[in-house]
Amino acid sequence: MTSRARASGVEPFWWARPGRFLSWRSPWPPPAAAASVGALGRFVIETMEGGTWVDDEYYGASIQLRNDDTQAATVPVADITSGTVTVTFARADVGDVVPAVIANAGGTSPTVGGLPATDPGWTAGGATDNGDGTVTYTLVYAGSVAGQGLTRVSFGILGPTPLNSGISVTVTSTGSPTDGFVSSRTVTLF
């Protein structure tokens, strides 16, 4: 971790730079034993990693999320059947405001060797210029994630030419049904 990142409390994150990879992992405990029905978990960001995109025009990344049951009063928690991930950049750090591109999902989805496979159920939502100097990209999930289960999405976001580095990006996730908790991480892209 760089001294700047350490001082700010922000996790460093190498994103879309050939040959440079970094994973961020939260210290989640192992799965709890099933006991009851009707409790709700949280759709939390567990890991984020960057990798090489198909060209130098896109920031590329992969996010893994968990239906975390460690805060529930009882388990098992309900399966999460829908979710939303937002990724917010400074306007100056992106190119044209167009939706993200889902990678490694099969079919017409682009194959990116530096990123993991995307699980079924992920699609790109919109891209919004917030009018405050930031742009937010939305990724949408529809499927089923059981308690302590995982899902992963890999994607690319069109950047400027050349891509910037040392920039701050905020990622959030919410799901349904959950207890309403919003998972959020701020990362620095080098």
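Scaling against 2.2 N^0.38 Å puts the C-alpha radius of gyration of region 44-145 at 1.19.
A cut-off under 11 angstrom between Cβ atoms defines the neighbours of G41, and their net charge, with Lys, Arg +1 and Asp, Glu -1, is -2. Debye-formula intensities of region 124-186, expressed as log10 I(q)/I(0) at q = 0.18, 0.20, 0.21 Å⁻¹, are -0.89, -1.05, -1.13 (one equal scatterer per alpha-carbon, no solvent). Scoring 107-113, 63-69 by mean Cβ neighbours within 10 Å over their residues and listing the highest first yields 63-69, 107-113. For region 152-190 versus region 100-139, the inter-centroid distance based on Cα atoms is 11 Å.
A short reminder: the numbers here are calculations on the coordinates, not readings from a lab. Remember, it's a predicted structure, so these values are computed and weren't measured experimentally. Cβ coordinates were reconstructed from backbone atoms using ideal geometry, including for glycine residues, and neighbour counts include every protein chain displayed.
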